[in-house]
Amino acid sequence: MALPPGIPYLFTRISKLLISPFLLTSLYALSSRLSPSSIPALSSIPTWLLILCMIVSLPVTFFVKLQVKQWRQWRECRRLGAIMVPEVPSKWPAGLDLLKRMLFSFKHGYPGLSPPLSPTSPTNARHLMTGDIYTDISSALGTAISVRIIYETRIITTEPVHIKAMLATSFPSFEKGEKFQHQAQSVLGTGVFNSDGEMWKFHRTMTRPFFSRDRISHFDIFERHAEEVVRLMKECRRVGGAVDMQVSEVFLCGRSLFLLS
């Protein structure tokens, strides 16, 4: 039985944080076996103080690693003659206020909508419908922004030149990467949306005929079956059931769309 993806993820993260407490404990145990005169300061440390140092070393180690990572990014940026992407400011530690804002949007509106100050206010209700988080931020910081949430950085761009480079002119230079592929493995598998290199070329070749001009021009057919999919998903949600998204393979394999009915 395969382990859930969260367990290996937590083990990897925790093992990296436990390096400093492990080194402190090892050094203390080594000093206690040696002559007290060789390392007098360390051997005389009381146990409670050692435990306190081990606990404090966890956030200190994390903070130092974070600063070193940011410094390396800044140095690499300087080496390439590039400019750092503007970072979205946050008022709470680890960008938790931004996370709260996004979670509110996912729960109460379309993803990306800004939360109103008061849900009962007509003005703020209208803002919930028309305000877009990324649009508001882009108007102040530019079309490329850096969002840091829980100390992980994501770069978001709406610049047409960037999008053209990623999807067309410089496509081979941009990959999903192992981290994204691992996170999306349970949902996307190794399909065209979660693969790179030769595997992506294989899937792209297989699906290319389904995106020809003749096929994508039948919008009425897409609309009719898309509405049917949405209806079935709502029905599953109403009865508390799950939706198997592998039904997308039915479309790509060219089987009858009436299997949904």
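The values are calculated or read from the model by the stated rules, or taken from the named source; none is laboratory data. In this text the structure is predicted, and so the values were computed from the model without any measurement. Here the Cβ positions follow ideal geometry from the backbone for every residue, glycine too, while neighbour counts run over all protein chains shown. SASA here: full protein model, heavy atoms, side chains in, ligands and nucleic acids out. Shrake-Rupley method; radii C 1.70, N 1.55, O 1.52, S 1.80 Å.
Report yes if some residue within the stretch 202-222 is outside any helix (DSSP H, G or I), closer than 30 Å to Phe62 by Cα and open to solvent by 60 Å² or more (accessible area, probe 1.4 Å); otherwise report no.
In the first step, residues of the stretch 202-222 are kept if they are outside any helix (DSSP H, G or I); the result is 212, 217-218.
Now drop any that are not closer than 30 Å to Phe62 by Cα, which leaves none.
No.
May I ask you to verify whether Thr190 is in a loop (DSSP other than H, G, I, E, B) and outside the structural domain of Leu98 (by the TED database)?
Details: in a loop (DSSP other than H, G, I, E, B): yes; outside the structural domain of Leu98 (by the TED database): yes.
So Thr190 passes the test.
Take the residues of the stretch 53-98 that are surrounded by 12 or more Cβ atoms within 10 Å (Cβ to Cβ) and polar (S, T, N, Q): which is nearest to Thr12 (Cα to Cα)?
Applying the filter and picking the extreme gives Thr61.
Val239 versus (1) among the hydrophobic types (A, V, I, L, M, F, W, C); (2) more than 24 Å from the chain's Cα centre (by Cα); (3) under 30 Å from Pro172 (Cβ atoms): which is the lone unmet condition?
It is condition (3) that Val239 fails.
Looking at the stretch 155-165, can you tell me whether even one residue there is in a helix (DSSP H, G or I), touching a Ser or Thr at 6+ places or on another chain (Cβ under 8 Å), in contact (Cβ under 8 Å) with a residue 12 or more places away in the chain and in the same structural domain as Met102 (by the TED database)?
Yes - at least one qualifying residue is present in the stretch 155-165.
Please identify the pairs in which a residue from the stretch 1-21 that is not assigned by the TED database to the domain that holds Cys53 has its Cβ atom under 6 Å from the Cβ atom of a residue that is at pLDDT 75 or above, counting only partners at least 6 apart or on another chain.
Leu17/Leu58; Ser20/Ser57; Ser20/Thr61; Pro21/Met54; Pro21/Ser57
Take the residues in the stretch 223-261 that are on the phi < 0 side of the Ramachandran plot and in a loop (DSSP other than H, G, I, E, B); name whichever of them is modelled with the lowest pLDDT.
We begin by selecting, within the stretch 223-261, every residue on the phi < 0 side of the Ramachandran plot; these are 223-239, 241-253, 255-261.
Still in the running and in a loop (DSSP other than H, G, I, E, B): 239, 241-244, 255-256, 261.
Working: Val239: 88, Gly241: 80, Ala242: 77, Val243: 75, Asp244: 71, Arg255: 42, Ser256: 45, Ser261: 49.
Residue satisfying both the conditions and the ranking: Arg255.
List the residue pairs whose Cβ atoms are under 8 Å apart, where the first residue sits in the stretch 63-81 and is touching a residue at least 60 places away in the same chain (Cβ under 8 Å), the second is surrounded by 11 or more Cβ atoms within 10 Å (Cβ to Cβ), and the two are 6 or more positions apart or on different chains.
Listed pairs, sorted by first residue: Leu66/Tyr151.
With within 15 Å of the chain's Cα centre (by Cα) and farther than 30 Å from Ser90 by Cα as the only criterion, which of Val187, Val147 stands out? It would help to see each step written out before you state the result.
Details: Val147 fails: farther than 30 Å from Ser90 by Cα.
Only one candidate qualifies: Val187.
Yes or no: Leu18 at pLDDT below 80 and open to solvent by 80 Å² or more (accessible area, probe 1.4 Å)? I'd like the intermediate steps shown before the answer.
Details: at pLDDT below 80: yes; open to solvent by 80 Å² or more (accessible area, probe 1.4 Å): yes.
Yes; evaluated as a whole, the condition is true for this residue.
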